[in-house]
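One structure is given here, and the rest of the page talks about it.
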Amino acid sequence: DTAVSQTPKYLVTQMGNDKSIKCEQNLGHDTMYWYKQDSKKFLKIMFSYNNKELIINETVPNRFSPKSPDKAHLNLHINSLELGDSAVYFCASSQDRSSTNEKLFFGSGTQLSVL
Amino acid sequence: GDSVTQMEGPVTLSEEAFLTINCTYTATGYPSLFWYVQYPGEGLQLLLKATKADDKGSNKGFEATYRKETTSFHLEKGSVQVSDSAVYFCALSDRGSGNTGKLIFGQGTTLQVKP
């Protein structure tokens, strides 16, 4: 029973294409996140949703659009993919955004390679 | 803004050696501090945390103490095992973001333990 699952695990695509990464959590959490990890392992938040409401939107190109159909799902759609988008994308969730002591639960990542 | 700085890796140790991974932070106010671990091919997992000054977080033989005077949260383990080989991330909760649950991560430190 995977707590936070994301698909696909690997995604190889050409520049200019549009792709989506899906994320689902079965923990009953209210808050979900997308993080980007670059080739040097540096991890940075992109978006966060709380009960389907966008609460964090970092400086990310508007080619990236998150969508949360319900609080258990947070998908990431990327338009017009560029070489620099190649990275590992992690989905995460937490019970409640209001506590700064919250533990994040991470998915196993989606490795995106743009050729 | 808030930030986290970790020692450069990779750190290579022999089994049963003592481990220290340095972490310092810059923050307004009093953040909570975390260590996350990422095993190969997996997402991050919370290793330990501390929520206020002088708190010590501990788990699986790892320890870290919240030092406000030196703004540090160094990770230590007395005797490492090959199975501890992973990437370790220091992080702080961004209270300046209005309790959004946002974590700011350091750049990660790769630990390699040889038998």
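The values are calculated or read from the model by the stated rules, or taken from the named source; none is laboratory data. Because the structure is predicted, anything quoted here is derived from the model rather than measured. Cβ atoms come from the backbone with ideal geometry, glycine included; neighbour counts cover every protein chain shown. Accessible surface is based on the protein model in full, side chains and every heavy atom, while ligands, DNA and RNA are left aside. Shrake-Rupley method; radii C 1.70, N 1.55, O 1.52, S 1.80 Å.
Observations on the structure shown:
- Selection within the stretch A:51-63: residues that are under 26 Å from A:Thr2 (Cα atoms) and open to solvent by less than 50 Å² (accessible area, probe 1.4 Å). The member of this set that is nearest to the chain's Cα centre (by Cα) is A:Ile56.
- For A:Leu43, the requirement of being under 30 Å from B:Asp55 (Cα atoms), within 11 Å of another protein chain (Cβ to nearest Cβ) and of a type outside the set (S, T, N, Q) is met.
- Unmet requirement for A:Gln37, which otherwise passes all of (1) buried (at least 19 other Cβ atoms within 10 Å of the Cβ); (2) more than 14 Å from chain B (Cβ to nearest Cβ): (2)
- In the set (1) assigned to a strand (DSSP E or B); (2) touching a residue at least 60 places away in the same chain (Cβ under 8 Å), the condition left unmet by A:His77 is number (2).
- Members of the stretch B:71-97 found to be over 15 Å from B:Gln6 (Cβ atoms) and of a type in the set (S, T, N, Q), listed by number: B:Ser79, B:Gln81, B:Ser83, B:Ser85, B:Ser93, B:Ser97
- Test: residue in the stretch B:51-58 that is over 27 Å from A:Gly109 (Cα atoms), part of a strand (DSSP E or B) and without any contact (Cβ under 8 Å) to a residue 12 or more places away in the chain: yes
- Test: residue in the stretch B:64-87 that is part of a strand (DSSP E or B), more than 25 Å from A:Tyr33 (Cα to Cα) and free of Cβ contacts under 8 Å to residues at least 40 places away in the same chain: yes
- Strands (runs of 3 or more DSSP E) fully within the stretch A:26-70 that include at least 1 residues being in contact with a Ser or Thr (Cβ under 7 Å, 6 or more places away or on another chain) and among the hydroxyl-bearing types (Ser, Thr, Tyr): A:31-37, A:43-50.
Every residue, every condition in (1) open to solvent by less than 20 Å² (accessible area, probe 1.4 Å); (2) more than 14 Å from chain A (Cβ to nearest Cβ); (3) at positive phi; (4) at pLDDT below 95, yes or no:
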{"position": "B:Glu42", "(1), (2), (3), (4)": "no, no, no, yes"}
{"position": "B:Ser58", "(1), (2), (3), (4)": "no, yes, no, no"}
{"position": "B:Gly61", "(1), (2), (3), (4)": "no, yes, yes, no"}
{"position": "B:Val82", "(1), (2), (3), (4)": "no, yes, no, no"}
{"position": "B:Ile104", "(1), (2), (3), (4)": "no, no, no, yes"}
{"position": "B:Gln107", "(1), (2), (3), (4)": "no, no, no, yes"}
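- Test: residue in the stretch A:12-29 that is under 27 Å from B:Thr110 (Cβ atoms), open to solvent by 60 Å² or more (accessible area, probe 1.4 Å), at pLDDT 95 or above and away from chain B (no Cβ under 14 Å): yes
- For the stretch B:10-21, taking the residues that are assigned to a loop (DSSP other than H, G, I, E, B) and open to solvent by 40 Å² or more (accessible area, probe 1.4 Å), the one that is nearest to B:Gly108 (Cα to Cα) is identified as B:Pro10.
- Residue list for the stretch B:22-34, filter: more than 12 Å from every other protein chain (Cβ to nearest Cβ) and part of a strand (DSSP E or B): B:Cys23, B:Thr24, B:Tyr25, B:Thr26
- Residue-level check: of (1) open to solvent by 60 Å² or more (accessible area, probe 1.4 Å); (2) facing chain A (nearest Cβ under 8 Å); (3) over 12 Å from the mean Cα position of the chain (by Cα), B:Lys49 misses just (3).
- Residue within the stretch A:33-40 that is in contact with a strand residue (DSSP E or B) (Cβ under 8 Å, 6 or more places away or on another chain) and at positive phi present: no
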